[in-house]
Structures are given as structure tokens and as C-alpha cells.
1. Restricting to Cα pairs below 8 Å that are 6+ residues apart, what does the relative contact order work out to for the range 22-99? Please round to a whole percent.
2. Tell me which residues come under 5 Å, amide H to amide H, from R80 once H is placed; ignore anything under 5 positions away on its chain.
3. So which GluC sites (Glu not before Pro) in the range 25-107 are both in a DSSP loop and have at most 16 other Cβ atoms within 10 Å of their Cβ?
4. Alpha carbons only, please: Rg and Dmax for the range 22-99, in angstrom.
Amino acid sequence: MLPCAKSSSPKGYWNVSELPRRYTVIVERQAEKSLRRLPKDVLARIDRLLLSLADEPRPAGCKKLRGYENLYRLRVGDWRLIYAIEEDVLVVLVIEIAPRGEAYRDL
């Protein structure tokens, strides 16, 4: 068991259910190409968002896409980030980063 400063379990050890889960964030090739073309201010905002998805794959403001089992979207200004969450392997797969009007095509 791992020692810790704050734990609700006796003796100051982590309970397995209390361990923080970190997801691996994978950006698909097409989404990566979109990232390279973004203005620097939008790129910085999306970069922070991608890093935060490893800790919380469903942050405030995310919406589940209707008609899809595990697709979600996040809004960053006029841009949309479409991603899938694979719970069994702790992976967040970023599928699309596009302007609002183009984000939902070809899903």
C-alpha cells in the first residue's frame, strides 16, 4: 500500500478505490494536423484542455453526442474538440478539432 498525507482509510494508506486514475490522451493524426494550423491563443487553450483530460475526461461543459456510444465534445470558443473515452483501458482519443460548422461532419 502507498503511504499518503490525506486518506480516509485507516493507518494512512490508500485504498485501491481512492487511487487517482489518469487517462492517456491520444490525438489522432487529423486532429494533430488541425492543431498545427490553429492561432496561438486558441492552441494554448486547447493544449491546457488536452492536458486536463488526463485527470478528468468529462470536465464541466462537455456534452455527450447523441447517437454515439462514447463520443463527447468540448467547446473552445468557436472550435469544437470531439473525443471518445475508452473506460476499460483509460484512454481519451481525440478524433477531431475543427470550427463549429465543420466539427460534426464525417464522424
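1. Relative contact order here is 38 percent.
2. For R80, whose amide H was placed from the backbone, the distant partners under 5 Å are A98, R100.
3. E28, E69, E102
4. Rg, Dmax (Cα atoms, Å): 11.7, 35.
Where a number appears in this text, it was derived from the coordinates with a stated rule and is not lab data. All values reported here derive from a predicted model rather than from experimental measurement. Glycine gets a Cβ as well: all are built from the backbone with ideal geometry, and neighbour counts include every protein chain shown.
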